[in-house]
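The values are calculated or read from the model by the stated rules, or taken from the named source; none is laboratory data. Here the structure is a predicted model, which means the values were calculated and not measured. So basically every Cβ, Gly included, is an ideal-geometry build from the backbone, and we count neighbours across all protein chains shown.
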Amino acid sequence: MSKISPFLWFDKEAEEAARFYVAIFPNSRIVSVNGLPTDLPHTGAKAGDVMTVTFELDGLPYVAMNGGPGHPFTDAISLTVDCDGQDEVDRYWNALTADGGQEIACGWLKDRYGLCWQVTPRQLIEMTTGPDKAAAARVFQAMMGMVKIDVAKLQQAHDAG
């Protein structure tokens with residue numbers, strides 16, 4: 001296991017969320033589902049209830065915990081999905097916004113559990129960090145008007161000069 005890995009606090013959906021994420025990303029798996037060793041009367045949790053789920057997304061380790069209410073995810077942290085082209089953007093975007101996810105702006109979304117994601121095509125990074133600063137500015141301005149990133153429109157903005 002890596003020395004550093006994201007630890008995600010859920011109310012009581014840790015296992016459900018982990019299984020949702022593992023189904024979306026290739027090279028992903030549930031490593032372990034761990035129950036509480038004892039009752040927690042102050043939370044209502046019982047011995048054996050799922051406490052943590054260790055899982056991997058594209059080979060990277062994560063832990064999800066059922067910690068109870070009061071600690072929702074915020075926009076202050078997000079997970080970035082590196083995509084190669086529009087087909088990958090569409091696939092991940094559609095999967096992560098399914099069944100209650102929320103589209104935000106500029107390639108950002110919240111999934112049904114409230115976790116923020118950035119679905120980012122490599123082409124966006126390449127076009128906004130290349131040597132042509134005017135083209136990079138046009139691409140950036142085009143991206144600012146998008147919700148889900150449209151690679152073809154980014155390319156049109158890039159080539160418009």
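Would you confirm whether any residue within the range 26-40 is in contact with a Phe, Trp or Tyr (Cβ under 8 Å, 6 or more places away or on another chain), under 30 Å from Ile125 (Cα atoms) and among the aliphatic types (A, V, I, L, M)?
Within the range 26-40, not a single residue is in contact with a Phe, Trp or Tyr (Cβ under 8 Å, 6 or more places away or on another chain), under 30 Å from Ile125 (Cα atoms) and among the aliphatic types (A, V, I, L, M).
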Please specify each residue of the range 73-109 satisfying the condition of being surrounded by 16 or more Cβ atoms within 10 Å (Cβ to Cβ) and under 21 Å from Glu56 (Cβ atoms). Phe73, Ser78, Leu79, Val81, Cys83, Glu88, Tyr92, Ala95, Leu96
Among the residues of the range 101-122, is there at least one that is closer than 22 Å to Ser28 by Cα and either at pLDDT below 95 or part of a helix (DSSP H, G or I) (or both)? yes
Which condition number does His71 fail, the rest of (1) touching a residue at least 60 places away in the same chain (Cβ under 8 Å); (2) within 30 Å of Val151 (Cα to Cα) being met? (2)
Within the range 1-15, can you find the residues that are at pLDDT 95 or above and either exposed (fewer than 15 other Cβ atoms within 10 Å of the Cβ) or touching a Pro at 6+ places or on another chain (Cβ under 7 Å) (or both)? Pro6, Phe7
Which residues, taken from the range 43-71, are small (Gly, Ala, Ser) and in contact with a Gly (Cβ under 6 Å, 6 or more places away or on another chain)? Gly48
Can you find a residue that is outside the structural domain of Pro6 (by TED's automatic domain parsing), surrounded by 14 or more Cβ atoms within 10 Å (Cβ to Cβ) and farther than 25 Å from Pro6 by Cα anywhere in the range 113-123? yes
Residue pairs, Cβ under 7 Å, 6 or more apart or interchain, first in the range 117-143 and more than 17 Å from Asp159 (Cβ to Cβ), second of a type in the set (Gly, Ala, Ser) and not in a helix (DSSP H, G or I). List them. Trp117/Ser78; Gln118/Ser78; Gln118/Gly107; Val119/Gly107; Thr120/Gly107
Consider only pairs whose beta carbons are under 7 Å apart and that are at least six residues apart or on different chains; among these, list those whose first residue lies in the range 77-102 and is at positive phi and whose second residue is surrounded by fewer than 19 Cβ atoms within 10 Å (Cβ to Cβ). Asp99/Arg112; Gly100/Arg112
Only one of Val31, Val81, Val50 is in the same structural domain as Ala157 (by TED's automatic domain parsing) and β-branched (Val, Ile, Thr). Can you tell me which? Val81
Do any strands (runs of 3 or more DSSP E) lying entirely in the range 1-97 carry at least 3 residues that are over 15 Å from the mean Cα position of the chain (by Cα) and more than 30 Å from Ala152 (Cα to Cα), and which ones are they? 29-35, 50-57
For the range 42-57 the number of residues that are surrounded by 11 or more Cβ atoms within 10 Å (Cβ to Cβ) and either touching a Phe, Trp or Tyr at 6+ places or on another chain (Cβ under 9 Å) or not hydrophobic (A, V, I, L, M, F, W, C) (or both) is 10
